[in-house]
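Chemist: Encoded as structure tokens, here's the structure I'll be asking about.
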Amino acid sequence: MTRSWDIVASVVVFFFCCCCCVQQVWTLPCTNLLGDAYCLNKLNQADYCTLDKDERCGCAKDCRAPTDCNDPDNHDLSCDCPFNAVMCDQTWMITSCNYTCTLRDTVTCPTPTLTVPNASLRYNGDVVVPSYGPAKFMDEATYDCDPGYVNTSGTSKPYRRLCGRSGSWVLDPSHQRQIVCQPIHCGPPPTIPLTTPSQAIGSFDDQVTYQCDPDHAYQLLGGAGEKRCAENASWVDEGFTAPLCLGLAVRFVGSQEEMTATPQDTMTSHMTRSKLECASHCAHLVDCYGYTFDVDSKMCEMNMEQADQVITTMKRVF
């Protein structure tokens with residue numbers, strides 16, 4: 001490994017010197033710097049001359065491409081040039097990689113026809129849209145799962161290919177495993193006290209609403225509390241307030257010692273037979289905050305306005 005890096009370092013120094021010359025072409029000899037046996041073995045496996053930068057430079061003899069060796073039309077000053085082709089809009093690239101940038105301006109590849117469920121085609125990491133135009137020389141095409149879906153195939157660059165010099169795609173055999181995009185899961189919907197959620201699997205884009213338990217509570221405030229399973233695998237609110245449900249088993253506590261004001265005219269009166277019946281009436285009224293039961297008159301006085309001052313002998317505990 002040390003020997004290979006020493007050789008590559010020498011080549012880099014050589015390239016630097018060539019850059020100082022006027023109209024100097026790249027004169028890297030047709031040699032396999034990584035060894036004939038290694039390069040021949042790789043050549044039998046894949047088109048690594050296009051796909052792998054280090055091996056393209058280290059196996060120039062077996063690659064025999066116009067951007068390798070002593071081609072008089074080649075004014076690329078480095079074997080790295082094709083792998084920097086996407087930067088050909090910069091002046092330094094045009095100067096140092098003239099041949100590559102010429103191919104970049106003239107060679108295009110058709111849009112791949114492969115369709116992958118719940119995934120999008122990407123050129124150089126950007127999602128391809130109709131306005132993108134054809135792929136150019138050395139553009140990289142891959143597929144990536146759409147938002148809300150996760151790649152479960154285990155490959156980082158599924159169906160990777162590069163736009164080659166001939167105007168056709170060069171497939172990367174090491175990244176041809178089929179991509180499988182499965183919806184992300186948010187898990188069970190959040191719990192809201194005294195409510196029952198609608199049926200939901202918990203997968204991406206699932207929606208859930210809530211309603212108060214009909215046998216145990218009634219709705220005091222709020223809405224349906226709609227939530228959606230988002231791309232980040234969490235439940236998010238969809239602009240609807242969660243229902244505030246009040247349990248039918250309402251609790252009252254004595255407040256006679258806290259009373260700071262006399263009963264108001266706005267008190268609601270109701271004839272009842274017992275203190276228990278008076279409490280039941282107040283419990284079933286959404287805006288009843290307390291009551292006073294008069295044993296002699298059998299009158300139930302209910303406070304229908306929330307106030308800091310306690311004006312009833314019993315107050316509701318919310």
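The values are calculated or read from the model by the stated rules, or taken from the named source; none is laboratory data. Because the structure is predicted, anything quoted here is derived from the model rather than measured. A quick note on method: Cβ atoms are made from the backbone with ideal geometry, for glycine too, and the neighbour counts reach across all protein chains shown.
Results for (1) β-branched (Val, Ile, Thr); (2) assigned to a strand (DSSP E or B); (3) touching a Lys or Arg at 6+ places or on another chain (Cβ under 9 Å), shown as yes or no for each residue.
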| position | (1), (2), (3) |
| --- | --- |
| Val150 | yes, yes, no |
| Tyr159 | no, no, yes |
| Leu162 | no, yes, no |
| Ser166 | no, no, no |
| Val170 | yes, yes, yes |
| Ser174 | no, no, yes |
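Chemist: Could you please find all residues in segment 293-318 being β-branched (Val, Ile, Thr) and surrounded by fewer than 21 Cβ atoms within 10 Å (Cβ to Cβ)?
Modeler: Across segment 293-318, the qualifying residues are Val295, Val310, Thr313, Val317.
Chemist: Using beta carbons and a limit of 9 Å, which pairs, at least six apart or on different chains, have the first residue in segment 111-134 and assigned by TED's automatic domain parsing to the domain that holds Arg177 and in a loop (DSSP other than H, G, I, E, B) and the second one surrounded by fewer than 11 Cβ atoms within 10 Å (Cβ to Cβ) and not hydroxyl-bearing (Ser, Thr, Tyr)?
Modeler: Once the first residue is assigned by TED's automatic domain parsing to the domain that holds Arg177 and in a loop (DSSP other than H, G, I, E, B) and sits in segment 111-134, its partners that are surrounded by fewer than 11 Cβ atoms within 10 Å (Cβ to Cβ) and not hydroxyl-bearing (Ser, Thr, Tyr) give Val116/Gln178.
Chemist: Ok, one more. Out of the residues in segment 74-105 that are modelled with pLDDT under 85 and assigned to a loop (DSSP other than H, G, I, E, B), state the one that is nearest to Asn124 (Cα to Cα).
Modeler: Taking the candidates together, the pick is Asp80.
Chemist: Also, quick follow-up: Which residues, counting only those in segment 172-201, are within 22 Å of Gly125 (Cβ to Cβ) and either surrounded by fewer than 18 Cβ atoms within 10 Å (Cβ to Cβ) or of a type in the set (Phe, Trp, Tyr) (or both)? Explain how you work it out, then say what you get.
Modeler: Taking segment 172-201 first, the residues within 22 Å of Gly125 (Cβ to Cβ) are 172-182, 184.
Matches in segment 172-201: Pro173, Ser174, His175, Gln176, Arg177, Gln178, Gln182.
Chemist: Within segment 116-150, track down each residue that is more than 17 Å from Ile179 (Cα to Cα) and either exposed (fewer than 15 other Cβ atoms within 10 Å of the Cβ) or among the β-branched types (Val, Ile, Thr) (or both). It would help to see each step written out before you state the result.
Modeler: Start the filter on segment 116-150 by keeping residues that are more than 17 Å from Ile179 (Cα to Cα), which leaves 124, 126, 128-139.
Those that are more than 17 Å from Ile179 (Cα to Cα) and either exposed (fewer than 15 other Cβ atoms within 10 Å of the Cβ) or among the β-branched types (Val, Ile, Thr) (or both): Asn124, Asp126, Val128, Val129, Pro130, Ser131, Tyr132, Gly133, Pro134.
Chemist: Go through segment 250-318 and tell me which strands (runs of 3 or more DSSP E), entirely inside it, have 1 or more residues that are free of Cβ contacts under 8 Å to residues at least 60 places away in the same chain and on the phi < 0 side of the Ramachandran plot.
Modeler: Numbers: elements: 251-254, 268-271, 290-294, 299-303, 314-317.
Where strands (runs of 3 or more DSSP E) fall fully within segment 250-318 and carry at least 1 residues being free of Cβ contacts under 8 Å to residues at least 60 places away in the same chain and on the phi < 0 side of the Ramachandran plot, they are 268-271, 290-294, 299-303.
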